[in-house]
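Enquirer: Structure below; questions to follow.
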Amino acid sequence: MPEIIEQPKETPFGNCTTLQRNKNPQTSCGLYSHIRGTNVSYGNVSSLAPSVKSFIEESVALCQPDEVHICDGSEMENKMLLRKMLDEGTIFPLPKYENCWLARTNPADVARVESRTLICTEQREETIPTPKEGVQGTLGNWISPSDFDRAIQERFPGCMKGRTMYVVPFSMGPLASSFSKIGIEITDSPYVVASMRIMARVGTSVLELIRKQEEFVRALHSVGTPSSGVVENPSWPCDPERTIILHKPSENLIVSYGSGYGGNSLLGKKCFALRIGSTIAKREGWLAEHMLILGITKPNGEKKYITAAFPSACGKTNLAMLNPSLPGYKVECVGDDIAWMKFDNEGVLRAINPENGFFGVAPGTSEETNPIAMATIFKNTIFTNVAYTSDGGVYWEGMESSLAPGVQITDWLGRPWTKESGKPAAHPNSRFCTPAGQCPIIDSHWEDPQGVPISAILFGGRRPAGVPLIYESRSWTHGVFVGAAMRSESTAAAEHKGKIIMHDPFAMRPFFGYNFGHYVQHWLSIENQGKVPKIFHVNWFRKSSNGKLLWPGYGENSRVLEWVLRRCSGERCYTDTAIGRIPAKGDLNLDGMQQVDYEELFSLPKQFWLEEVSQIRNYFGTQIGSDLPLEIYNELDELQERILKS
Ligand code: OXD
Ligand code: MN
């Protein structure tokens, strides 16, 4: 393994802790300080706001770490963390690239654990709709305040013994933006610290902000220690048997135990920006959504921004980094996973990407599918659970064409791999964690504190049958219905097995912070606040009767976006159907494309749609019942009538 990091030989503070100190005395005067008797090995305790200090004190008393490290976000600190992870075997260098690393998790810790992700409120109904008797609810999990406390007491006392507790101050959104929110993540995982540093704005300037505003989301994370006391895989400690991810919106509190996998441990992302974020957004009158944000410029220079909500691993990153096949069009990326949207004083809905990096699914990303991502990810990146090549690089399914001849592959579990192995080389949910600012098409306004103005919202999913390439909703209320009725084939991003068509309303099913029925009500009320964007539904994944994809996707999706833009400018380039507006033949620019079966791509089989309506009715009735606003049931009835008449 090549030696990458030069450790400083002398520091102004001597050599009295396991970590080397930052040479900057301003950020490293923790030498003689203690918190609850525990040595602060790095960071400046005296500069902490009292609320931050008490959060650390409580966490120290509970978790009993060996020492505390208050992160300053500096380069030197990052190098020390990388060094530590190298020594502990958590990461390996990837010498083929610049400052890139490969982490291999415990094979039992590879995805979000939705079944153990819970929201705590006094009343169950605040968190989840009441399903019909005998029906298992699928719209989140509730935990009572007493069980919440018990879950913590059963897992956390002493869970950081022998480890360092890191205190990570972070901002979701650019520091200067009124959209942005601040958090402190406390964790015992250097992998989490290094990844948070990529995914959020981390460091001392955030602590300064807290000193002024005193408000922040508290996020406590531990990879945990199994109750047997035996950590099977010391390079990736975790406690899969007892993993739990808890949220208490009333206290802006997140507590995550037992998993180091990103979706469960990088608490700024799903836990804060979506679950806690959606509860804050409801209170404050805005939207926190599982959406990419892109800017698209027409050949005449006119530019618009679009957001899109697709379930996990359905191509949000690919669309956010689209390389348009339509001549003269340009797409620029603001974000690939999360959008925070609110109206400005002129009634324009504006959005920011609260994240600072991309935590993208690696398999399927290639020069053919997403050349922009490929141009982004080979520097300053932490890869997790991808395969390794003998020339010091990475490999995953889809990267076949970039493999140099004669190169040997080691799979994500560290075993020699060949195409004949019969198993994927990279885990299907393997990831790259990479700074957004490196994306060659990052939008010049991606960090604009005012956000970008949104003209259209797309919903979508993986629908092999029945659902056309695109349709436009008839109104805002109909669009909200379309979001509520979303379904998609399951993916590897969570623990679900098999390719079933799951309901995934607003692509938020695993991420709602409060009762979905109330969430829909909130979406309906947004229309009263300003000028709402048009809402569309897209499906890149429809297959013909012989199982072939009817639409090539990727760069050709720019043709669909072009139609969206024309509709946003009020062009009458559509035909009305029972489900909404679709481009009439000739309205969608197919110039230069071969063999698109337009009729099949846009066909609306009556039986399919009657069955879809009945599935949706059953879902709404059994899962949400009276919590779902009447307007949405009316939309469903009207859709059924229109289909029957068609
Ligand atoms: C993600 C997800 O990691 O949606 O973005 O699972
Ligand atoms: Mn996501």
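The values are calculated or read from the model by the stated rules, or taken from the named source; none is laboratory data. Model, not experiment: these values are computed from the prediction. Because the Cβ atoms are built from the backbone with ideal geometry, glycine has one as well, and the counts that use them run over all protein chains shown.
Enquirer: Restricting to the stretch 594-623, and then to whatever is charged (D, E, K, R) and within 22 Å of Asn634 (Cβ to Cβ), can you tell me which residue is surrounded by the most Cβ atoms within 10 Å (Cβ to Cβ)?
Expert: By that ranking, first place goes to Glu612.
Enquirer: Which members of the stretch 507-516 meet the condition of being in a helix (DSSP H, G or I) and closer than 15 Å to Thr279 by Cβ?
Expert: Phe516
Enquirer: I'd like to check something: does the stretch 351-362 contain any residue that is more than 13 Å from ligand 1 (Cβ to nearest atom) and of a type in the set (Gly, Ala, Ser)?
Expert: Within the stretch 351-362, one or more residues are more than 13 Å from ligand 1 (Cβ to nearest atom) and of a type in the set (Gly, Ala, Ser).
Enquirer: Select from the stretch 63-118 the residues that are among the charged types (D, E, K, R) and within 16 Å of ligand 1 (Cβ to nearest atom) and list them in ascending order.
Expert: Matches in the stretch 63-118: Asp109, Arg112, Glu114, Arg116.
Enquirer: Would you mind stating whether Ser195 is among the hydroxyl-bearing types (Ser, Thr, Tyr) and within 16 Å of ligand 2 (Cβ to nearest atom)?
Expert: yes
Enquirer: Condition first: within 16 Å of ligand 1 (Cβ to nearest atom) and at pLDDT below 95. Now tell me which residues in the stretch 498-548 satisfy that.
Expert: Met502
Enquirer: Do we have Glu332 as within 16 Å of ligand 2 (Cβ to nearest atom), among the charged types (D, E, K, R) and in contact (Cβ under 8 Å) with a residue 60 or more places away in the chain here?
Expert: No, not satisfied.
Enquirer: Any chance the stretch 378-388 includes a residue that's modelled with pLDDT of 95 or more, more than 16 Å from ligand 1 (Cβ to nearest atom) and under 24 Å from Trp523 (Cα atoms)?
Expert: no
Enquirer: Something else about it: Considering only the stretch 66-100, how many residues are touching a residue at least 24 places away in the same chain (Cβ under 8 Å) and within 14 Å of Val193 (Cα to Cα)?
Expert: Matching residues across the stretch 66-100 total 19.
Enquirer: Leu175 versus (1) over 26 Å from Gly43 (Cα atoms); (2) free of Cβ contacts under 8 Å to residues at least 40 places away in the same chain: which is the lone unmet condition?
Expert: Looking at each condition in turn, Leu175 falls short on (1).
Enquirer: Would a scan of the stretch 483-493 turn up a residue that is in a loop (DSSP other than H, G, I, E, B), more than 19 Å from the chain's Cα centre (by Cα) and farther than 17 Å from Ala339 by Cβ?
Expert: Yes, there is a match, as at least one residue in the stretch 483-493 is in a loop (DSSP other than H, G, I, E, B), more than 19 Å from the chain's Cα centre (by Cα) and farther than 17 Å from Ala339 by Cβ.
Residue-wise test of (1) loosely packed, with under 15 Cβ neighbours inside 10 Å; (2) out of contact with any Pro (no Cβ under 7 Å at 6 or more places or on another chain); (3) basic (Lys, Arg); (4) touching a residue at least 60 places away in the same chain (Cβ under 8 Å).
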| residue | (1), (2), (3), (4) |
| --- | --- |
| Asn141 | no, yes, no, no |
| Arg150 | yes, yes, yes, no |
| Gly158 | yes, yes, no, yes |
| Met165 | no, no, no, yes |
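Enquirer: For the stretch 267-317, what are the residues that are more than 10 Å from ligand 1 (Cβ to nearest atom), more than 23 Å from Asp443 (Cβ to Cβ) and not in a helix (DSSP H, G or I)?
Expert: Leu267, Gly285
Enquirer: How about the stretch 17-70: which of its residues are of a type in the set (D, E, K, R), more than 16 Å from Pro190 (Cα to Cα) and modelled with pLDDT under 85?
Expert: Selection gives Lys23 alone.
Enquirer: Hey, another quick one. Restricting the search to the stretch 313-327, which residues are closer than 11 Å to Ser558 by Cα, out of contact with any Leu (no Cβ under 9 Å at 6 or more places or on another chain) and not hydroxyl-bearing (Ser, Thr, Tyr)?
Expert: Within the stretch 313-327, Asn323, Pro327 qualify.
Enquirer: Condition first: at pLDDT 95 or above, over 22 Å from the mean Cα position of the chain (by Cα) and farther than 30 Å from Ser525 by Cβ. Can you find one or more residues in the stretch 329-341 that meet it?
Expert: yes
Enquirer: Does Lys84 qualify as being under 26 Å from Lys161 (Cβ atoms) and basic (Lys, Arg)?
Expert: yes
Enquirer: Is it the case that the stretch 192-208 has a residue that's more than 17 Å from Ser74 (Cα to Cα) and modelled with pLDDT of 95 or more?
Expert: Within the stretch 192-208, not a single residue is more than 17 Å from Ser74 (Cα to Cα) and modelled with pLDDT of 95 or more.
Enquirer: Just checking, does the stretch 384-405 include any residue being touching a Ser or Thr at 6+ places or on another chain (Cβ under 7 Å) and at positive phi?
Expert: yes
Enquirer: So Ala465 passes all but one of these: (1) part of a loop (DSSP other than H, G, I, E, B); (2) surrounded by 19 or more Cβ atoms within 10 Å (Cβ to Cβ); (3) modelled with pLDDT of 95 or more. Which condition number does it fail?
Expert: That leaves (2) as the condition not met.
Enquirer: If only one of Asn370, Asn345, Asn323 is away from ligand 2 (no atom under 15 Å from the Cβ), surrounded by fewer than 22 Cβ atoms within 10 Å (Cβ to Cβ) and touching a residue at least 24 places away in the same chain (Cβ under 8 Å), which one is it?
Expert: The match here is Asn323.
Enquirer: When you scan the stretch 329-348, do you find a residue that is within 13 Å of ligand 1 (Cβ to nearest atom) and touching a Cys at 6+ places or on another chain (Cβ under 6 Å), even just one?
Expert: No; the residues of the stretch 329-348 include none that is within 13 Å of ligand 1 (Cβ to nearest atom) and touching a Cys at 6+ places or on another chain (Cβ under 6 Å).
Enquirer: Looking at the stretch 535-547, can you tell me whether even one residue there is without any contact (Cβ under 8 Å) to a residue 24 or more places away in the chain, among the charged types (D, E, K, R) and either in a helix (DSSP H, G or I) or within 30 Å of Gly621 (Cβ to Cβ) (or both)?
Expert: No, there is no match, as no residue in the stretch 535-547 is without any contact (Cβ under 8 Å) to a residue 24 or more places away in the chain, among the charged types (D, E, K, R) and either in a helix (DSSP H, G or I) or within 30 Å of Gly621 (Cβ to Cβ) (or both).
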